[in-house]
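Undergrad: Okay, handing you the structure first.
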Amino acid sequence: MEREEQALRKEVVENKYSRSNLSDEQKETLVFRIQEILSNPENICQSEFTLAKLAKQADSNTTYVSQVINERYGQAFSNVLSSFRIKEACRRMSDESDKFGNMTIEGIATSVGFKSRTAFINAFKREVGLTPSEYLRMALSKES
């Protein structure tokens, strides 16, 4: 059933962008730039990081960036950004240095760009399958 959903999503995305002028080479170049930008915590942890800001940093426009994100990740920009932020939150919660170790869940959420604790917890559960508190307990027990 999941494969059927993925195939249907792919077909919808392909139909949506069937008139796009982007060549495969341009798409690959843009994918590389997008991944590079989204892999930088200084970018994604800004609470005001938007598709427009990503497009500007990638030297492109929002239409093309949105297209490439939808085609590559099968998700909207906001979901992809949330995923990158959650990965950074996990890294910070597992950080053995004191830099992030004394931060609350809400502090971690804010530090990775989430504006609300609830949005962070919901995104975290969706991405990781655990609440941030459960994840933190597991990370701390591995350190002991």
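Undergrad: Report the accessible area of GLU4, computed with a 1.4 Å probe over the heavy atoms of all protein chains in place, in Å² rounded to the nearest 10.
TA: 140 Å²
Undergrad: With labels modelled as points extended 7 Å from the Cα through the Cβ direction, what inter-label distance (nm, one decimal) is found for ASP59 paired with PHE32?
TA: Those two pseudo-labels are separated by 1.1 nm.
Undergrad: With charges set only on the Cβ (+1 for Lys and Arg, -1 for Asp and Glu), what does the dipole of the range 16-63 come to about its Cα centre, in debye to the nearest 20?
TA: It works out to roughly 260 debye.
Undergrad: Could you point to the residue in PHE49, MET103, ALA76 farthest towards the positive end of the range 24-144's charge dipole, with +1 and -1 charges on the Cβ of Lys/Arg and Asp/Glu respectively?
TA: MET103
Undergrad: Near the amide H of ALA58, under 5 Å away, which other amide H atoms are found, from residues 5 or more places off or on another chain, if H is placed in the peptide plane?
TA: Placed amide hydrogens put nothing under 5 Å from ALA58.
Undergrad: Would you work out the charge dipole size for the range 51-122 about its Cα centre, treating the Cβ of every Lys and Arg as +1 and the Cβ of every Asp and Glu as -1, and quote it to the nearest 20 debye?
TA: Roughly 160 debye, rounded to the nearest 20.
Undergrad: HN-Hα J couplings of the range 73-82 from phi, Karplus 6.51/-1.76/1.60, θ = phi - 60°, integer Hz, Gly and Pro as x?
TA: 9, x, 9, 6, 3, 4, 6, 5, 4, 4
Undergrad: Could you give the radius of gyration (one decimal) and Dmax (whole number) of the Cα atoms in the range 15-135, in Å?
TA: That works out to 15.7, 51 Å for Rg and Dmax.
Undergrad: Let me spell out the model: positive unit charges on the Cβ of Lys and Arg, negative unit charges on the Cβ of Asp and Glu, origin at the Cα centre of the range 20-144. What dipole size does that give, in debye rounded to 20?
TA: Dipole of the range 20-144, to the nearest 20 debye: 380 debye.
The values are calculated or read from the model by the stated rules, or taken from the named source; none is laboratory data. Being a predicted model, the structure only gives us computed values, none of them experimental. Because the Cβ atoms are built from the backbone with ideal geometry, glycine has one as well, and the counts that use them run over all protein chains shown. Each accessible area value is taken on the protein alone, full model and side chains, heavy atoms only, with ligands, DNA and RNA left out. Shrake-Rupley method; radii C 1.70, N 1.55, O 1.52, S 1.80 Å.
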